[in-house]
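The values are calculated or read from the model by the stated rules, or taken from the named source; none is laboratory data. Just so we're clear, the structure is a prediction, and the values are computed from it rather than from any experiment. Glycine also receives a Cβ, built like all others from the backbone with ideal geometry; neighbour counts cover every protein chain displayed. Just the protein is used for accessible areas: all its heavy atoms, side chains included, with ligands, DNA and RNA removed. Shrake-Rupley method; radii C 1.70, N 1.55, O 1.52, S 1.80 Å.
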Amino acid sequence: MPKLTIDGIAVEVPANTTILQAAEMVGVEIPRFCYHDRLSIAGNCRMCLVDVEKSPKPVASCAMPVGEGMVVHTKSDRANKARGGVMEFLLINHPLDCPICDQGGECDLQDQAMAYGFDRGRFHENKRAVKDKYMGPVVETVMTRCIHCTRCVRFATEVAGVPQLGATGRGEDMEITTYLEGALSSELSGNVVDLCPVGALTSKPYAFNARPWELRKTESIDVMDAVGTNIRLDARGRQVLRVLPRINEDVNEEWLADKGRHAIDGLRAQRLDQPYVRKNGKLEPATWDEAFAAIVGRVKGLSGGKIAAIAGDTADAESMLALKDLMSAFGSPNLDCRQDGAALDPAVRASYLFNSTIAGIEQADALLIVGADPRKEAPVLNARIRKRFLRGGFPICVVGAATDLTYKYDHLGTGADVLAKIADGSHAVAAALKNAKKPMLILGMAALTRADGAAILAAAKAVADNCGLVKDGWNGFNVLHTAAARVGGLDVGFVPGAGGKDTRGILEAAGKGEIEAVYLLGADEIDTAKLGKAFVIYQGHHGDRGAHRADVILPGAAYTEKDGTYVNTEGRVQRALRAVFAPGDAREDWTIIRALSEKFGKTLPYDNLAQVRARLAFVNPLFAAAGKIKAAEWQAFGASGAIAATGFDYPVKNYYMTDPISRASRTMAQCTEEFVSGGSKHKPSDPKTGTHG
């Protein structure tokens, strides 16, 4: 390990460490524009120049490996003069857009210009101007501001896996563009805005909405998929104006999927802000007392077997616990959090977790994907798979549809029967998995929601047992969920009790009149036509499918409007904090259920959030350890049976519209038109406003 001195501080670092990385290890900050920890080194901007003794000229610290005995000065007159010259060149063509630029107040160029900028301009020739490029509905471009750091190009190629950005021309004619002048077709495209150190790439939906110092910042969890991406909600007044990722190395690193970032405008549309009661076939506004009275009048007196509850995909653990306790008070065993009917075994936690953990993907050396499309179902997790793939020595095989996952793989076939062949060792892939040190299997919801889902689950377990996926210190059996609420619901025990009915059973019984009352906790992805003449109570935040069928609507709070607990696909318990208050008469979900229980004379034993969470920890101690993962015990699960040779029906057909929030989002509608419906690939600028259509 070479030893060197940085600003008088002696440090020993691993070989191949760059000067910039070594400086960060001792707390010395070196300015940079093009360098980024998670991207390859480009050495474009030259802002990171440092003074190295015995070097004839300043050295770009981001690209220079350390050497034994090297003496580096980062704050010498020579280094500061070099950076000042670089800054002067960068500002030659940069427009004076700071007062109208959305990057204002968060701009790296502004910050570095304060430290190294010259107090006047010496460039009198004509400045260059660059035509703006169209990059899709979520990324706005003002390319005259671009300083050619190429962060966006490297991100698109390396992380997102869509090599659609690049540079054309040379010298002052160089431009960053999508080669075919089309939209950037990646579910992670919004991250280029975070990476851009200037205002060349900004958020199109957020354009001209607010300045950063006007916003309240709240830490939360993304519920648009089951990854549990850590996010920051920026709000002003009663509106969430933007969502940014928070760094969590174990979950999302620093990336955020486009739906989690841009679907928030759906929080302002089609909202349920007051109770409704159906009278003479029509939903009419009502007070809380009237709504509760309608529910009590219809449900009271029914036996527990005639009452059922289904939880939706974005329900928090607190509300599911409260509803489960209320159903128990009614004596009803008919409840389920698996509204898609997935054949998961709630009794064995290892059967429904991503046991390798998301960060564990980087340790794996072989991967088998069955009935999952990680690119659409969990874009951030898919980026982690691509990251491991780029390191090499990571063969990937897929059973299911042959789609573009942004990395190469061997397609084994579309039929689920291939899994049975791997399980019994008759397929060549079985030997490859056995020879791997840390093999992985990812089982998707498309495999588990089939009629033979339980048999597929059993076959997947057989693969894990027979091919060495589970061994000391490693569990390569993984289930990739698509719903943020699913693992939390299973951990709470929001599943059928003894003799109870699951989602399919509830719908069938309701259609036959055997179940007379159904409580939908944000459950919008079921076939409501199968509910027959049952009395339907819908508690949720959007006027979506469930609300259209409801007899009584109880307005709840969205994930940005309540303190909630969510458990991601790997079993990590995480807390979301309230950023804004719910609109109108809407209330936090567990409080609604608590108030309703009182009307039935079955008052639930908690009055505040702390008491609810204490009850959560009592039901399952895992809820007491927020942010942590506890390895699940490997036990028997699944049910043997025949597996049909048919393909998979993937749950995410349109990535941009999978839940009530995204279906109400104008931005997601534009993305659907662009990327799903085959909209215009290039929309020219409006000559009047200068913006794209």
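Just one of (1) in contact with a Ser or Thr (Cβ under 7 Å, 6 or more places away or on another chain); (2) open to solvent by less than 10 Å² (accessible area, probe 1.4 Å) fails for A401. It is (2). Would you confirm whether any residue within the stretch 138-145 is in contact (Cβ under 8 Å) with a residue 24 or more places away in the chain and open to solvent by 50 Å² or more (accessible area, probe 1.4 Å)? Checked the stretch 138-145: no residue is in contact (Cβ under 8 Å) with a residue 24 or more places away in the chain and open to solvent by 50 Å² or more (accessible area, probe 1.4 Å).
Give all pairs with beta carbons closer than 8 Å in which a residue from the stretch 593-622 that is in a helix (DSSP H, G or I) meets a residue that is acidic (D, E) and surrounded by 13 or more Cβ atoms within 10 Å (Cβ to Cβ); count only pairs at least 6 apart in sequence or on separate chains. Once the first residue is in a helix (DSSP H, G or I) and sits in the stretch 593-622, its partners that are acidic (D, E) and surrounded by 13 or more Cβ atoms within 10 Å (Cβ to Cβ) give S597/D325; L609/E318; L609/D563; V612/E318; R613/E318; R615/D325; L616/E318; L622/D491.
Pairs are defined by a Cβ separation below 6 Å, a sequence spacing of at least 6 or placement on different chains, a first member in the stretch 86-113 that is under 17 Å from R46 (Cβ atoms), and a second member that is open to solvent by less than 30 Å² (accessible area, probe 1.4 Å) and not in a helix (DSSP H, G or I); the pairs so defined are V86/M47; L90/I147; D108/P197; L109/V198; Q112/P31.
Can you confirm whether I310 is farther than 12 Å from D551 by Cα and modelled with pLDDT of 95 or more? Criteria met by I310. Checking each residue in the stretch 77-116 for being under 35 Å from the mean Cα position of the chain (by Cα) and open to solvent by 60 Å² or more (accessible area, probe 1.4 Å) picks out C98, P99, I100, E106, D111. Taking every residue in the stretch 268-288 that is more than 21 Å from A558 (Cβ to Cβ) and pairing it with any residue that is among the charged types (D, E, K, R) and part of a helix (DSSP H, G or I), at least 6 positions away or on another chain, the pairs with Cβ-Cβ distances below 8 Å are V277/E290. Could you say whether any residue in the stretch 67-76 is open to solvent by less than 20 Å² (accessible area, probe 1.4 Å) and under 19 Å from T150 (Cβ atoms)? The answer is no; no qualifying residue exists. C62 fulfils the conditions (1) within 24 Å of E172 (Cβ to Cβ); (2) of a type outside the set (S, T, Y); (3) open to solvent by 20 Å² or more (accessible area, probe 1.4 Å) except for a single criterion, (3).
Does N654 count as open to solvent by less than 50 Å² (accessible area, probe 1.4 Å) and free of Cβ contacts under 8 Å to residues at least 24 places away in the same chain? Spelling it out, N654 is indeed open to solvent by less than 50 Å² (accessible area, probe 1.4 Å) and free of Cβ contacts under 8 Å to residues at least 24 places away in the same chain.
Strands (runs of 3 or more DSSP E) fully within the stretch 198-271 that include at least 1 residues being under 14 Å from the mean Cα position of the chain (by Cα) and crowded, with 17+ Cβ neighbours inside 10 Å: 216-221, 230-236, 239-245.
Of all residues in the stretch 80-95, those satisfying the criterion of being assigned to a loop (DSSP other than H, G, I, E, B) and hydrophobic (A, V, I, L, M, F, W, C) are L91, I92.
Taking helices (runs of 4 or more DSSP H) as the structural unit, those lying wholly within the stretch 466-582 and holding at least 2 residues that are in contact with a strand residue (DSSP E or B) (Cβ under 7 Å, 6 or more places away or on another chain) and of a type in the set (A, V, I, L, M, F, W, C) correspond to 503-512.
With respect to D258, is the statement that it is acidic (D, E) and either under 18 Å from A576 (Cβ atoms) or modelled with pLDDT under 95 (or both) true? So D258 fails the test. Open to solvent by 30 Å² or more (accessible area, probe 1.4 Å), under 23 Å from T591 (Cα atoms) and among the aliphatic types (A, V, I, L, M): does that describe A329? In short, yes.
Any residue at all in the stretch 638-645 that is under 29 Å from the mean Cα position of the chain (by Cα) and either modelled with pLDDT under 95 or among the aromatic types (F, W, Y) (or both)? Scanning the stretch 638-645, I find at least one residue that is under 29 Å from the mean Cα position of the chain (by Cα) and either modelled with pLDDT under 95 or among the aromatic types (F, W, Y) (or both), so the answer is yes. All conditions but one from (1) open to solvent by less than 10 Å² (accessible area, probe 1.4 Å); (2) among the polar types (S, T, N, Q); (3) under 21 Å from R572 (Cα atoms) apply to T503; the one that does not is (3). Within the stretch 121-137, the set of residues being among the small types (G, A, S) and either open to solvent by 10 Å² or more (accessible area, probe 1.4 Å) or in contact with a strand residue (DSSP E or B) (Cβ under 6 Å, 6 or more places away or on another chain) (or both) comprises G121, A129. One residue stands out in the stretch 178-197 among those that are touching a His at 6+ places or on another chain (Cβ under 9 Å) and under 18 Å from Q670 (Cα atoms): the one that is surrounded by the fewest Cβ atoms within 10 Å (Cβ to Cβ), namely E181. Checked against (1) touching an Asp or Glu at 6+ places or on another chain (Cβ under 6 Å); (2) touching a residue at least 24 places away in the same chain (Cβ under 8 Å), V536 meets all criteria but (2).
Checked against (1) small (G, A, S); (2) closer than 21 Å to G453 by Cβ; (3) assigned to a loop (DSSP other than H, G, I, E, B); (4) open to solvent by 10 Å² or more (accessible area, probe 1.4 Å), G415 passes all but condition (4). Summed over the stretch 30-81, the residues that are in contact (Cβ under 8 Å) with a residue 24 or more places away in the chain and charged (D, E, K, R) give a count of 7.
Listed by first and then second residue, the pairs with beta-carbon distance under 6 Å, at least 6 apart or on different chains, first residue in the stretch 410-422 and touching a residue at least 12 places away in the same chain (Cβ under 8 Å), second in a loop (DSSP other than H, G, I, E, B), are H411/A402; T414/G647; G415/A645; A416/I643; D417/I643; D417/A645; A420/I643. Just one residue in the set T144, T157 is in contact with a Pro (Cβ under 8 Å, 6 or more places away or on another chain) and under 24 Å from P99 (Cβ atoms); that residue is T144. Per the conditions (1) in contact (Cβ under 8 Å) with a residue 24 or more places away in the chain; (2) open to solvent by 20 Å² or more (accessible area, probe 1.4 Å); (3) under 15 Å from Q635 (Cα atoms), the sole criterion not satisfied by D452 is (3).
Do you know which of the residues in the stretch 617-647 that are open to solvent by less than 30 Å² (accessible area, probe 1.4 Å) and of a type in the set (F, W, Y) is nearest to A485 (Cα to Cα)? It comes out as F623.
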